[in-house]
Amino acid sequence: MTLARTYALIVGWLMTVVGIVGFFSGGMLLVFEVNTVHNIIHLFTGLVALFFGYYVAGTYSRSFDQWLGIVYAVVAVLGFAVAGLGSATILGILPVNLADNILHSVIALSALSAGFLTVREELSTHEPRMPKAA
């Protein structure tokens, strides 16, 4: 199992659980600000991650991790831009605070790492291809 697939499955299960639990948290999930939109995004992200982690034995999990990293990097940058070290909402719908912004940054960096490091991992673990016989 590749790093990208393992990452997609772990993130998938965690985000799915967080998305469900968030609906019952009353606006704060530990130190993170959440609302219905935030919970739906977590739930959707988790289910998509699980799909790419399990579909065709995780063949597309590397691409998913790379895109997840890019999206979460944008969300982290937007969060820091609008909230700084306090709290605010992104586009008026997604509440974020410093803890959210740090978590989004960690998700971005770890997803990008899993997505891009898998390329080397796959290349180093595959046997050389034999030329086709004429």
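Computed from the coordinates by the stated procedures, all read-outs in this text should not be read as laboratory data. From a predicted model like this one, the values you see are computed outputs, not experimental measurements. We place every Cβ from the backbone using ideal geometry, glycine too, and count neighbours over all the protein chains shown.
Please list, ordered by chain and number, the residues whose modelled amide H lies under 5 Å from the amide H of I90; skip anything fewer than 5 residues away on the same chain.
Amide H to amide H, under 5 Å and 5 or more residues apart or across chains, I90 pairs with V96.
For the pair V31/L109, report the inter-label distance in nm, with labels modelled 7 Å from Cα in the Cβ direction.
That separation, rounded to one decimal, is 1.5 nm.
Say R0 is 35 Å: what FRET efficiency, to the nearest 0.05, do T6 and I40 get from their beta-carbon distance?
0.85
Scan around L29 for amide H atoms under 5 Å from its own, H built in the peptide plane at 1.01 Å from N, and keep only partners 5 or more places away or cross-chain.
HN-HN under 5 Å from L29: V34.
Okay, which of the stretch 42-80 sit inside 19 Å, backbone N to the point 7 Å along the Cα-Cβ direction of L91?
42-49, 67-80
Which of the following values of semi-axes √(5λ) of the Cα gyration tensor in Å was calculated from the structure shown: (i) 33, 20, 13; (ii) 22, 18, 12; (iii) 34, 16, 10?
Recomputing semi-axes √(5λ) of the Cα gyration tensor in Å here gives the entry labelled (iii).
Roughly how many nanometres apart are two label points built 7 Å out from the Cα toward the Cβ at F116 and A81?
2.1
Give me the angle, in degrees from 0 to 90, between the Cα long axis of helix 61-83 and the longest principal axis of the Cα atoms of the chain, rounded to the nearest 10.
That works out to roughly 20 degrees.
With a point put 7 Å past each Cα toward its Cβ, work out how far Y60 is from I20 in nm, to one decimal.
It works out to 2.4 nm between the two label points.
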